[in-house]
1. Among the residues of the range 154-189, count how many are in contact with a Leu (Cβ under 9 Å, 6 or more places away or on another chain), at pLDDT below 90, assigned to a helix (DSSP H, G or I) and open to solvent by 10 Å² or more (accessible area, probe 1.4 Å).
2. Which count do you get for residues in the range 91-133 that are among the β-branched types (Val, Ile, Thr), within 25 Å of residue 289 (Cβ to Cβ) and surrounded by fewer than 15 Cβ atoms within 10 Å (Cβ to Cβ)?
3. Of the numbered conditions (1) surrounded by fewer than 14 Cβ atoms within 10 Å (Cβ to Cβ); (2) at pLDDT below 85; (3) part of a helix (DSSP H, G or I), residue 333 fails exactly one; give the number of that condition.
4. Which of the residues spanning the range 114-129 are in a helix (DSSP H, G or I) and within 19 Å of residue 179 (Cβ to Cβ)?
5. Hey, does the range 89-98 have a residue that's within 18 Å of residue 164 (Cα to Cα), within 22 Å of the chain's Cα centre (by Cα) and part of a helix (DSSP H, G or I)?
6. Of all residues being open to solvent by less than 80 Å² (accessible area, probe 1.4 Å) and among the hydroxyl-bearing types (Ser, Thr, Tyr) in the range 252-281, which is nearest to residue 238 (Cα to Cα)? Just the residue, please.
7. Between a residue in the range 116-130 that is farther than 16 Å from residue 166 by Cα and any residue that is open to solvent by less than 40 Å² (accessible area, probe 1.4 Å), which pairs come within a Cβ distance under 8 Å, given they are 6 or more apart or on different chains?
8. When you check residue 136 against the structure, is it at positive phi, assigned to a helix (DSSP H, G or I) and of a type in the set (Gly, Ala, Ser), yes or no?
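The values are calculated or read from the model by the stated rules, or taken from the named source; none is laboratory data. Small disclaimer: the values here were computed from a predicted structure and weren't measured. In this analysis, Cβ positions are derived from the backbone assuming ideal geometry, glycine residues included, and neighbour counts consider all displayed protein chains. Please note that ligands, DNA and RNA were not included when accessible areas were found on the heavy atoms of the full protein model with its side chains. Shrake-Rupley method; radii C 1.70, N 1.55, O 1.52, S 1.80 Å.
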Amino acid sequence: MTRRRAWRGPWIPETWMDRSCPLCTAGPEPQHSWVWTLPLITGCTIHRRRLLTRAELVTAELGGNGVAGAPVTEPVAALENYTHQALTAGAVRLAGRRVHAAVWFRLLRTLLDELSLSTTGLSRASARTLNQVWQAAGLTPRAGIRIWAPYEHLSWPRQENLLTAAAVAVDLAAQRRLRPRGTLAEVLATPSAEPVYPGDDPRRAPDSPAARILDFRGLYRRTEYSELFDELARTVRTDPDTARRVLAFLVRTDPSPANLDRERDILIRDTGMPPEFVRTRTETEALLILHGYEPGEVARALAELCAESPSRGTDGQRTNLFVPDDLARLRSRLDR
């Protein structure tokens, strides 16, 4: 006969932690949170105090010391607020933009893995970045790990040090003191100011270069053509909307992608038009996805913008051409 093992209560995984906040549990109506049991946070998000295990609470009480717990630093509190938002609201408002909870946990897990890597197999730039994070955190590099192991297999003191270093790295990235890389790097840093087209000048005469190039009536002398094109070249270099209208006019008879790319390259080379003044729909979609937005959301925002402004093009072509002002409007839609 086989000996049956006695039941000792519900099974508790190794990652389950018995911790609590003494300030939350004190008083006639103690408060508890299931988030305390996960090895993803180190402190209470309400009181910003380090969570204590049952053994630490007993030791503090027997020693006559305060049981409030040590305060956590601002970077650690910010990181834990992000995790708490992901667990309770399903989304996180980062320095760059709002992201889904799955994106945040993927980013956090990747960051914890990278912080536990040895610098011997990394490039100089990556090794320098890791050393910068650990020095700013004031902790031993790699949390003292000699042989790499997954985060879940590490002891809690090392997990806590990795979480602290991750909090410091996120804080440095938000302050732009550290330059993160990867497709999700933009969501960590505070967005820099982007040029936005202020709109058409109401004082501008209706016979502006962009309008005159689309209507050749009244141009009879070669000198008028020369003056017009010189003025138009200057305007294309400074006005994204004019650049878009001129490009749409040039490809009106042949709107194929090949001709569009060719005429756009000519404007960039011959007139000095900034490349970011006019982007195609494909380029705009790829740029937004590179910034970390979901492809489905990007396609929806582009379709909505084109549907709301059907008169933005010449013969329908300019609906596929986007200026920096359009990009700013698309990002504001995607950040909602």
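1. Of the residues in the range 154-189, 2 are in contact with a Leu (Cβ under 9 Å, 6 or more places away or on another chain), at pLDDT below 90, assigned to a helix (DSSP H, G or I) and open to solvent by 10 Å² or more (accessible area, probe 1.4 Å).
2. 1
3. That leaves (1) as the condition not met.
4. 114, 115, 119, 124, 125, 126, 127, 128, 129
5. no
6. Among residues in the range 252-281 that are open to solvent by less than 80 Å² (accessible area, probe 1.4 Å) and among the hydroxyl-bearing types (Ser, Thr, Tyr), the one nearest to residue 238 (Cα to Cα) is 271.
7. 119/126; 119/127; 119/130; 122/130
8. no
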